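This report concerns only the one structure given below.
Each value in this text was obtained by applying a stated rule to the coordinates, not by laboratory testing. Owing to the predicted nature of the structure, the values given are computational and were not obtained by experimental measurement. All Cβ positions, glycine included, derive from the backbone under ideal geometry; neighbour counts span all protein chains shown.
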Amino acid sequence: MKPVLRLESLCFAWPDSPPVVQIDELELMPGEHLFIQGPSGSGKSTLLNLITGLQPGYTGSLEVAGQNLARLSSRALDRLRADHIGLLFQQFNLLPYLNLIDNVCLPCSLSRQRRRVAGQHRRSIEQEANADHCRRPHLSAGSGQPRPLHAPAVRGAGAKRQHPADGQP
């Protein structure tokens, strides 16, 4: 089985600054989870931007889903992100004119692979969301966001459904 994430001698530094990310070796296998914790400015977001191919300028090797990011064109990076990568942000940036389910499924529409999976899971998402959330999006910030909004990020193609807040399926 191939790792879904493989980093080797990964190093990133902002100009005229010491390295903010330095990882000798890291492999994440399918089904494994990684928790990234650290103080503000310690490189957490930079690492996520490196892994998603949004931040160039690193040294070392970075592979996601078996693909070396340094060898991918911009178009291939976009496809990799659409098919295999999901991020959870503190701000959900919901579209107020879409209901909760449509907001959840919107990112999946960018990938044929994820669109198929989202279609298969839409009914279970609708059942999990209460009637009030299905009618209109919940636009408060922070932990008040309904759990189903995590679905696009945690449900890659064929991924098992899980609530990130408590780890319960």
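Things to note:
- Working note: Karplus 6.51/-1.76/1.60 with θ = phi - 60° gives segment 27-38 the couplings 10, 10, 8, x, x, 7, 10, 10, 10, 10, 9, x Hz, where Gly and Pro are set to x.
- Alpha-carbon centroid distance for the pair segment 1-21 / segment 92-109, whole angstrom: 32 Å
- Whole-Hz ³J(HN,Hα) from phi, Karplus 6.51 cos²θ - 1.76 cosθ + 1.60, for segment 49-64, glycine and proline x: 5, 5, 4, 8, x, 8, 10, x, x, 9, 10, x, 10, 9, 10, 10
- Label-point separation in nm, Ser42 to Asp16, each point 7 Å along Cα→Cβ: 2.7 nm
- Under the Karplus curve 6.51 cos²θ - 1.76 cosθ + 1.60, θ = phi - 60°, whole-Hz ³J(HN,Hα) for segment 103-112, x wherever Gly or Pro sits: 5, 5, 7, 3, x, 5, 5, 7, 9, 4
- Counting Lys and Arg as +1 and Asp and Glu as -1 over every other residue whose Cβ lies under 13 Å from the Cβ of Ala70, the net charge comes to 0.
- Sparse-neighbour loop sites [chymotrypsin sites (Phe, Trp or Tyr not before Pro); segment 1-64; at most 10 other C-beta within 10 Å; DSSP]: Phe35
- Close amide H partners of Ala13, meaning residues 5 or more places away or on another chain with modelled amide H under 5 Å apart, are Val20.
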